[in-house]
Amino acid sequence: MPKIVIMPSLLAADMGRLAEECRRAEAAGADALHVDIMDGHFVPNLSMGPDVVKMARATVQLPLDTHLMVTQPQHLTAAFIKAGASPLLIHVEAQCDVRAVLQDIRRQGARPGLTLNPETPVEAAFPFLGDVDEVLFMSVHPGFGGQSFMPQVLPKVAALRRRCPDLDLAIDGGINRATTIAAAEHGVNMFVAGTYLFGAPDMQAEIALMRSAIQQAYSKKV
């Protein structure tokens with residue numbers, strides 16, 4: 001199976017103590033941090049900018065899986081890569097030349113990734129699979145934390161896993177121990193969990209339990 005990657009999402013961290021929250025996630029056994037970037041246009045909310053990525057890069061050694069929920073990512077990739085973002089993910093629905101932006105991300109030294117909204121068919125990713133190291137499936141509507149998991153995205157994950165056995169497939173939205181199991185059974189190997197992990201009484205114990213559940217579930221994938 002591909003490597004299991006558990007990524008606490010900084011969107012759910014205590015914004016007044018972000019550096020401390022980054023260190024807490026690293027000490028708890030997280031494999032990466034997930035950073036959600038919102039532009040107030042592609043999604044209605046505004047969130048973090050390159051300075052947060054720069055802070056996290058100076059604070060922890062973990063990869064910074066940075067998700068650009070922005071309309072025109074081509075104008076922002078350089079700033080985020082310079083700050084330390086990698087992988088760097090854009091949306092297939094963005095207003096840009098998707099292949100050109102993905103290739104430019106790789107030229108700048110970061111791992112490129114592609115994100116699909118819940119309603120977007122998996123076939124939308126097919127033309128770009130040779131240009132990406134990761135595909136992220138949104139299992140909620142992007143832009144807000146704390147939403148409920150949308151299981152209807154899972155057949156898309158399974159279809160892409162059958163097509164690309166070795167590609168990193170991620171999921172973001174409503175992830176907890178139960179939904180993690182369902183996602184792993186459909187082929188997900190990278191899991192973004194915000195509210196569930198940062199709100200857990202013991203993040204380290206919860207990450208360990210999630211990892212064990214994922215390992216068992218992945219062997220049963222559809």
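Which residue is surrounded by the fewest Cβ atoms within 10 Å (Cβ to Cβ), if the candidates are limited to the stretch 161-174 and must be under 16 Å from the mean Cα position of the chain (by Cα) and modelled with pLDDT of 95 or more? Explain how you work it out, then say what you get.
At the first step, the residues of the stretch 161-174 found to be under 16 Å from the mean Cα position of the chain (by Cα) are 167-174.
Imposing the further condition that a residue be modelled with pLDDT of 95 or more reduces the set to 167-172.
Working: 167: 17, 168: 20, 169: 21, 170: 26, 171: 29, 172: 25.
Only one residue fits best here, namely 167.
In the stretch 115-143, the residues that are surrounded by 17 or more Cβ atoms within 10 Å (Cβ to Cβ) reach residues that are of a type in the set (Asp, Glu) and in a strand (DSSP E or B) with C-beta atoms within less than 7 angstrom, at least six apart or across chains, in these pairs: 133/168; 134/168; 136/172; 138/172; 139/172.
Residue by residue, here is whether (1) on the phi < 0 side of the Ramachandran plot; (2) surrounded by fewer than 17 Cβ atoms within 10 Å (Cβ to Cβ); (3) of a type outside the set (A, V, I, L, M, F, W, C); (4) more than 16 Å from the chain's Cα centre (by Cα) holds:
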residue: 8; (1), (2), (3), (4): yes, no, yes, no
residue: 15; (1), (2), (3), (4): yes, yes, no, yes
residue: 39; (1), (2), (3), (4): yes, no, yes, yes
residue: 57; (1), (2), (3), (4): yes, no, yes, yes
residue: 68; (1), (2), (3), (4): yes, no, no, no
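The helices (runs of 4 or more DSSP H) found wholly in the stretch 1-113 and carrying at least 2 residues that are closer than 30 Å to residue 202 by Cα occupy 18-27, 50-59. One residue stands out in the stretch 178-197 among those that are surrounded by fewer than 20 Cβ atoms within 10 Å (Cβ to Cβ) and not aliphatic (A, V, I, L, M): the one that is nearest to residue 168 (Cα to Cα), namely 185. Hey, among the residues in the stretch 88-102 that are surrounded by 14 or more Cβ atoms within 10 Å (Cβ to Cβ) and of a type in the set (A, V, I, L, M), which one's nearest to residue 43 (Cα to Cα)? By that ranking, first place goes to 94. The residues in the stretch 149-195 that are of a type in the set (Ser, Thr, Tyr), touching a helix residue (DSSP H, G or I) at 6+ places or on another chain (Cβ under 6 Å) and in contact (Cβ under 8 Å) with a residue 40 or more places away in the chain can be counted, and the count is 1.
The values are calculated or read from the model by the stated rules, or taken from the named source; none is laboratory data. Given the structure is predicted, the values throughout are model-derived calculations rather than measurements. Quick reminder, even Gly has a Cβ in these numbers, built from the backbone with ideal geometry, and neighbours come from all protein chains shown.
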